[in-house]
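Input: a single structure, listed below in structure tokens.
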């Protein structure tokens, strides 16, 4: 099955929410407390994504979806300008792909489009925040990150470690070739 990458648009909220929730359930089932994962529901996330898409695109926001041959959303990425306290210009806020569609180059294709967006904005650096125990962490390590700091996110009484990693756009583009 093939896929295409396109810009997010109104009407995509359900598909994005489905990927968002199901990716969390499959990727983080042994990492994030079950009590938290059990509270994630597509209908709730769909409302949040409807709100995001109603404002989309904001001046600096950029979102993409990966769509299969049946026009179903199977992955997405969203990025934005980094918080001004961070030492970078952009941030890849999320990149999620349904478990059955992973290892097909979709993450790399989404990332390449995000990098194009950063370059068009004149941004040379960006960051990604990822759980240290994320089984997809090797995807980020292949991009040669600079580990800025290790933060703690407490979820339902459990402390989870998150790496804040910074990258240079040109270096990541070179590593993807």
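The values are calculated or read from the model by the stated rules, or taken from the named source; none is laboratory data. Predicted, not measured: the structure shown is a model, and the values here were computed from it. Using ideal geometry, Cβ is built from the backbone for each residue, glycine included, and neighbour counts are taken over all protein chains shown.
Points to keep in mind about this one:
- Residues being in contact (Cβ under 8 Å) with a residue 40 or more places away in the chain and over 25 Å from residue 81 (Cβ atoms) - total across the stretch 36-59: 1
- Checked against (1) over 15 Å from the mean Cα position of the chain (by Cα); (2) over 26 Å from residue 14 (Cα atoms), residue 138 passes all but condition (1).
- Residue in the stretch 27-39 that is crowded, with 16+ Cβ neighbours inside 10 Å, within 27 Å of residue 168 (Cα to Cα) and touching a helix residue (DSSP H, G or I) at 6+ places or on another chain (Cβ under 9 Å) present: yes
- Residue 103 fulfils the conditions (1) on the phi < 0 side of the Ramachandran plot; (2) surrounded by fewer than 19 Cβ atoms within 10 Å (Cβ to Cβ) except for a single criterion, (1).
- Counting the residues of the stretch 41-66 that are part of a loop (DSSP other than H, G, I, E, B) and touching a strand residue (DSSP E or B) at 6+ places or on another chain (Cβ under 7 Å) gives 3.
- Beta carbons closer than 8 Å, at least 6 apart along the sequence or on distinct chains, pair a first residue in the stretch 139-160 that is at positive phi with a second that is surrounded by 15 or more Cβ atoms within 10 Å (Cβ to Cβ) and assigned to a strand (DSSP E or B) for 144/167.
- Strands (runs of 3 or more DSSP E) fully within the stretch 77-177 counting 2 or more residues that are modelled with pLDDT of 95 or more and in contact with a helix residue (DSSP H, G or I) (Cβ under 7 Å, 6 or more places away or on another chain): 90-97, 125-131
- Test result for residue 10, loosely packed, with under 14 Cβ neighbours inside 10 Å, without any contact (Cβ under 8 Å) to a residue 60 or more places away in the chain and touching a helix residue (DSSP H, G or I) at 6+ places or on another chain (Cβ under 7 Å): yes
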